[in-house]
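Below is one structure, written out as structure tokens, with a few remarks after it.
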Amino acid sequence: MAAQQRRHGPGSPGERFDVLDPATGEVFDEAPRQQPDELDAVVGRAHEAWLGWRSDPAVRSAALLAAADAVDEAGTDLAPLLTREQGKPLAESYAEIARTAARLRYFAERTAPRPRLLTDGRPMRSEIRWRPLGPVAAITPWNFPLQLAAAKFAPALAAGNTMVLKPSPFTPLATRLLGSVVSTALPEDVLTIVTGPEPLGARLAAHPGIRHVTFTGSVPTGRAVAQGAAASLARVTLELGGNDAAVLLDDVEVERIADRLFWAAFRNCGQVCMAVKRVYAPVRLYDQVVEALAERAKSVVLGAGLDPATQLGPVNNAPQLARVGDYTARALADGARAVAGGHRLDRPGYFFAPTILADVPAISPVVTEEQFGPVLPVLPYGSTDEAVEAANDTGFGLGGSVWGTDLDRAEEVAGRLECGTAWINHHAELSLDQPFAGSKESGVGVAGGPWGLYGNLAPFVVHRPQEA
Ligand code: NAD
């Protein structure tokens, strides 16, 4: 165990907590159980480190580039560990690591936002400059632990802040290792990873030394984080849950889009904030859509992420597996049909059969809430207006998509979706330079691209009189 602990980065001696492999349901390692009262010292050191880190954008740029190289080099250590604790197929872990390094490189080129002239008239010239905020707290979920950690620390550090990051207790190890790898390129205490069960996250969000809390997770926890941060009036950025609808128009070619639609819902075992979580199909095509999705659900290869044949891994953790099972059981009790799957697999680990639900009442929780698992309800609609109304009939507003052959018409319908990002004939494809912001209850603030950088900076305006 001592060798394993070293492998996962420096740890504080003391209490530890178990980390489970979702493919077996058994403990495979431990992580440090840091106590909330350690945070005063951790945040204090992050503040000291900030005093130097904020001063030179060129130093930050070089360090972030070196960190990206270090992440690439550590891929063969990071990927199996990520798969082991998260469950995803190994190839997807490698893809996540590549995106982690890419994000560091993207922000390494953006460490010095230019001052901008606001007015150059008489009697005043005024200019806007940008200042880092101080120590930032980040709290991340278990579905993309590395990529989402990088989405937090790359812009925050590029902007000249330091960071204390707390990963989900379901996936602490790969993030700890990532923290050690990235920190080889950084001054001490610029990035600190703390691990442990609650109330560690709540105490971090409410810590008076934190100037910005950036959180990714569910809506209820987001609310609690915002309440905690209100104590010190730290800035909050919240990237929260989604219940994305895919609206299929009546000119869609079902067989042509079925693979893409299926994987938009089931990638990472459906544990994607922007997964397709509801499909609306025109009545005329309803049976064909259900069949096409069910056929794919039945043929997917399920297994441990470390097995190269695996296309879909297990659900990440026992509470999430129970939640997916409950939503499915409730839908079936409400009169839905499981055209594929509908049950947990009879084998060790948290495996749930990829499930396509037909004839689901619109009020069933699998439609109205976020299932965040390998279960997809397909609902029929009559008119396009009816489909748009149903798609928007939710408190969530993360993403949405429209699928059809006439792209102009699809774009017109996509423009009516109440969400932060809409796609046509795709779903959940994001570029590094785009803003990422949920509408309605799916988020507060904007991450991604330059917006992510400015989310970690405070404007500072200087007025000076012009010479007469
Ligand atoms: P969660 O809200 O249960 O937990 C998220 C993080 O918050 C974890 O690190 C957890 O330990 C911590 N936490 C729990 N209670 C806390 C508290 N009171 N104060 C502070 N921190 C606390 O979410 P999850 O189950 O880990 O992740 C799934 C959710 O995340 C889904 O709703 C999904 O849609 C969402 N998500 C959103 C995005 C996005 O970018 N919008 C991306 C990925 C996941």
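A few remarks follow.
- FRET efficiency estimate (nearest 0.05) - Cβ-Cβ, Thr368 to Asp40, R0 41 angstrom: 0.45
- Taking every protein chain into account, the accessible area of segment 162-218 amounts to 27 square angstrom per residue (probe 1.4 Å).
- Projected label points at Ala318 and Glu429, each 7 Å from Cα along the beta carbon direction, are separated by 4.1 nanometres.
- Nonlocal amide H pairs with Asp244, under 5 Å, H built at 1.01 Å: Lys277, Gly399
- Short-range pairs are left out: with C-alpha atoms under 8 Å and at least six residues apart, the relative contact order of segment 249-372 is 24 percent.
- In Hz, Karplus ³J(HN,Hα) per residue of segment 125-131 (6.51, -1.76, 1.60; θ = phi - 60°; x = Gly, Pro): 10, 10, 9, 9, 10, 10, 10
- Counting every pair of alpha carbons in the chain, the share spaced more than 43 Å apart comes to 17 percent.
- 3J(HN,Hα) couplings calculated from phi for segment 88-97 with the Karplus curve 6.51 cos²θ - 1.76 cosθ + 1.60 (θ = phi - 60°) are, in sequence order, 6, x, 4, 4, 6, 5, 4, 5, 5, 5 Hz; Gly and Pro show x.
- Remark: the chain carries a charge dipole of roughly 1440 debye about the Cα centre, counting +1 on each Lys and Arg Cβ and -1 on each Asp and Glu Cβ.
- Förster radius 22 Å - calculated FRET efficiency between Asp77 and Asp307, Cβ distance, rounded to 0.05: 0.70
- Solvent-accessible area, 1.4 Å probe, carbon plus sulfur percent, for segment 244-424: 51 percent
- Entry comment: accessible area of segment 373-435 is 42 Å² per residue, from protein heavy atoms only and a probe of 1.4 Å.
- Lys, Arg +1 and Asp, Glu -1 on Cβ, resulting dipole of segment 244-424 about Cα centre, debye, nearest 20: 820 debye
- Rounded to whole Hz, the Karplus (6.51, -1.76, 1.60) HN-Hα couplings of segment 109-121, x for glycine and proline: 8, 10, 8, 10, x, 5, x, 10, 6, 8, 9, 10, x
- Residue-span extension gain [Asp18 to His343] - 0.36 nm each, minus C-alpha spacing: 114.3 nm
- Rounded to 10°, Cα long-axis angle of helix 219-230 versus longest principal axis of the chain: 20 degrees
- Protein-only accessible surface order, largest first, of Lys277, Lys440 at 1.4 Å: Lys440, Lys277
- Under 5 Å from the amide H of Arg131 lie the amide H atoms of Ala458, Phe460, each residue being 5 or more positions distant or on a separate chain, with H modelled from the backbone and absent for Pro and chain starts.
- Against the chain, whose longest principal axis is taken from its Cα atoms, helix 173-183 shows a tilt of about 30°.
- Mean separation of Cα contacts under 8 Å (6+ apart) over length of the chain, as relative contact order %: 18 percent
- The alpha-carbon atoms of segment 199-352, seen along their principal axes, cover 56, 40, 34 angstrom, with the largest extent given first.
- Label-point separation, Asn392 to Gln288 (7 Å along Cα→Cβ), nm: 2.8 nm
- Linear extension gain, Val461 paired with Ser218, 0.36 nm per residue minus alpha-carbon span: 83.9 nm
- For segment 399-468 versus segment 103-146, the spacing of their alpha-carbon centroids is 17 Å.
- Database remark: amide H of Leu118 closer than 5 angstrom to the amide H of Ser126, Glu127, Ile128 (H placed geometrically; neighbours at sequence offset of 5 or more, or on other chains; Pro and chain starts carry no H).
- Cross-link pairs exceeding 27 Å between alpha carbons, from the set Lys166/Lys298; Lys88/Lys166; Lys277/Lys298: Lys166/Lys298.
The values are calculated or read from the model by the stated rules, or taken from the named source; none is laboratory data. Everything quoted here is computed from the prediction, not taken from an experiment. Glycine gets a Cβ as well: all are built from the backbone with ideal geometry, and neighbour counts include every protein chain shown. Surface areas here come from the heavy atoms of the whole protein model, side chains and all, with no ligands, DNA or RNA. Shrake-Rupley method; radii C 1.70, N 1.55, O 1.52, S 1.80 Å.
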